[in-house]
1. Report the residue count in the range 603-630 for those that are within 19 Å of Tyr417 (Cβ to Cβ), in a loop (DSSP other than H, G, I, E, B) and of a type outside the set (Asp, Glu).
2. Pick from Val327, Val340, Val335: which is of a type in the set (A, V, I, L, M), under 30 Å from Val77 (Cα atoms) and open to solvent by less than 60 Å² (accessible area, probe 1.4 Å)?
3. Is it the case that Gln195 is part of a helix (DSSP H, G or I), open to solvent by 20 Å² or more (accessible area, probe 1.4 Å) and touching a residue at least 40 places away in the same chain (Cβ under 8 Å)?
4. Between a residue in the range 246-273 that is within 10 Å of Met338 (Cα to Cα) and any residue that is among the aromatic types (Phe, Trp, Tyr) and modelled with pLDDT under 95, which pairs come within a Cβ distance under 9 Å, given they are 6 or more apart or on different chains?
5. Restricting attention to the range 105-121, report how many residues are touching a residue at least 40 places away in the same chain (Cβ under 8 Å) and open to solvent by 80 Å² or more (accessible area, probe 1.4 Å).
6. Filter the range 125-179 for residues that are out of contact with any Gly (no Cβ under 9 Å at 6 or more places or on another chain), in contact (Cβ under 8 Å) with a residue 60 or more places away in the chain and open to solvent by less than 10 Å² (accessible area, probe 1.4 Å) and give the result.
7. Taking the range 20-34 only, how many residues are open to solvent by less than 10 Å² (accessible area, probe 1.4 Å) and either assigned to a loop (DSSP other than H, G, I, E, B) or over 11 Å from His58 (Cα atoms) (or both)?
8. Give me the residue from the range 489-514 that is of a type in the set (Gly, Ala, Ser) and within 20 Å of Asn539 (Cα to Cα) and, out of that set, most open to solvent (accessible area, probe 1.4 Å).
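The values are calculated or read from the model by the stated rules, or taken from the named source; none is laboratory data. Predicted model, so just to flag it, every value in this text is computed and none were measured. As a convention, Cβ positions derive from the backbone with ideal geometry for all residues, glycine included, and neighbour counts pool all protein chains shown. With ligands, DNA and RNA removed, areas are computed over all heavy atoms of the protein, side chains included. Shrake-Rupley method; radii C 1.70, N 1.55, O 1.52, S 1.80 Å.
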Amino acid sequence: MLSQGLDTPLGATPGDNGIYFALHAPHATRVELCLFDAAGQTELQRLEMPHSTHGTWHGFLPLSKGGTLGLVYGYRVHGPWNPSQGERFNPAKVLLDPYAREVVGSYDGSDIHCGHKPGYPDQQDERNNAAQALKAKVIARIAPLSVPGPRIDAGKRVLYELHVKAQTQLHPKVPEALRGTYAGLAYPAVLDHIQSLGVTTLSLMPVHHRVDEARLQALGLTNHWGYNTIAWFAAESRYWSGTPGTSPTSEFRALVDAVHARGMEVVIDVVYNHTAETDELGPTLSLRGIDNALYYHLRDDNKALYENWSGCGNCLNLNQPAVLQLVMDSLRYWVTEMGVDGFRFDLAPILARRDTGDKGFDPRAPLFVAINQDPICRNKLLIAEPWDIGAGGYQLGGFPPDWLEWNDKYRDTVRRYWLTAEADRAELAHALAASSQHFKHSHRRPSASVNFITAHDGFALRDLVSYRERHNEANGEHNRDGHGNNHSVNCGVEGDTQDAAVLLHRRQLQKELLSTLLMSQGTPMLLAGDEIGHSQQGNNNAYCQDNEITWLDWNQADAELTEHVRELVAKRMGITALTGDRWWEGSEDVRWSDADGRPLNGCDWHDRSKRGLQVEWSDGAHWTAEPDVS
């Protein structure tokens, strides 16, 4: 039997004499703690959670009864089954603790994980999935940071977006056993390269524990990018080397320490907008079975259905205090115990949608208020992807003053200027000046604009100048997925070619695009691999390609292009107008002219027949754009 224990903190908390368990499920009628063997295959015991305080079920398992580190556990949560009212309790399904620090097992995509009978969404499935379910493992808390994080001036920050596995899976200087892992990314040769570029901040694609959608598994694919989170406190175990004496948690922390030791920051991409449980036909893995109507946004007209502003089947409801607490506890954990310096929030408007009325974006949403008053999170780097797919979901410039935002307007303007001649000098100048129309308000600074030409979602830089159309056939969606309007060019040949003139033209365009990025006011973001000429073979939505399409090919690295990036970053750091993080004010800060130095008059700005542009800053530095689009 469990003793009463404590209702806080949530999750499994080791104590001197046992383990404290707490799960928030206010509409449940009964909760059982299920204990498993070390492999998570055999259910050994079910223990009634003895007490509920304000909706949190809690109990204490003493050391003498097995309450030790390494314990593998899950929950069975009892309550009504009534999907039309949003109630999806099913004690036949073992559920993963949302506060799990480490996850045991893997989701195999089989329908035994569904709370409903296959083909009958209104009927409860009574099959026991204990052997196959995901479980949590109790681990020790992490020691304080051994190397404090650096303080980077906002105007001098250079982001580098990368995927942990893709960065090193083919790296010849990384020991084979460490390739594709946290330890591989921390390897000196890898960090040497990144640091040599002048990068200040590594922006890691999702490292929270994820599962692969059943649809992808049926196609023999995986969710390589990782935007399918199921555990927000657990480091993804697929990126763990398995080195004896380490764990996914400790190896990730060692990576952060190694990056900090070089004076660089670590930002992680976080997915709090939806979960891997997908839509009403998806699996019951965790929150759906714990308290579906509490954790998710349900449709007002039919509570059996979910709001789907994410395009992934569901959306978390951060208007609920318990859900907000889950997110805030996760953020604090990754700062205090894992050492990260900030977060990039995927599909961030969903996190600030109202729970009533039109369910629109609220700039005073609970999440923003909570972060702003939190002593741990409020001074960390906060970056929004400022759009989702719902009505009113495009919110560029609408986030709080201390947030940065991915600027897709910048991306498209620069592509249209250099590649398709669809943008004029006025549009380019606005992009170069940190898109002030969107960001110069509410005491925001130029660094709020995260400028990028390419990101994980879309063409790689080399492909941007090598393919006019997307080529996503490998994704199994008949080339219908991914962006259809990329403002890309192929320079006369679609894809690979040996034509020297075409290759020279492509190289020049890549250099000009990179030059524009690093000579723009705002926070520049480089996509890993662009500096070595990496190609994804025309795939502009390679989310499910865990193979040579996404793995960086270091043996074919373009050393000249890499050196070009180094020189550009170094030049940028010497230009006060770009690093000072202060809005340009008239001719005392910047002068604009055509490529020959002649001042531009009103109509000149929009004359697309004469498109050269020169920028001269007050310290004498200058930069010239001379596009040649045939």
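1. Residues meeting the conditions: 8.
2. Val327
3. Spelling it out, Gln195 is indeed part of a helix (DSSP H, G or I), open to solvent by 20 Å² or more (accessible area, probe 1.4 Å) and touching a residue at least 40 places away in the same chain (Cβ under 8 Å).
4. Going by the 9 Å Cβ cut-off, there are no qualifying pairs.
5. The number of residues fulfilling the criteria is 1.
6. Those that are out of contact with any Gly (no Cβ under 9 Å at 6 or more places or on another chain), in contact (Cβ under 8 Å) with a residue 60 or more places away in the chain and open to solvent by less than 10 Å² (accessible area, probe 1.4 Å): Leu159, Tyr160, Glu161.
7. The total comes to 2.
8. Step one: filter the range 489-514 for residues of a type in the set (Gly, Ala, Ser), giving 492, 495, 500-501.
Now restrict to residues that are within 20 Å of Asn539 (Cα to Cα): 492, 495.
Working: Gly492: 70, Gly495: 3 Å².
Among those that are of a type in the set (Gly, Ala, Ser) and within 20 Å of Asn539 (Cα to Cα), it is Gly492.
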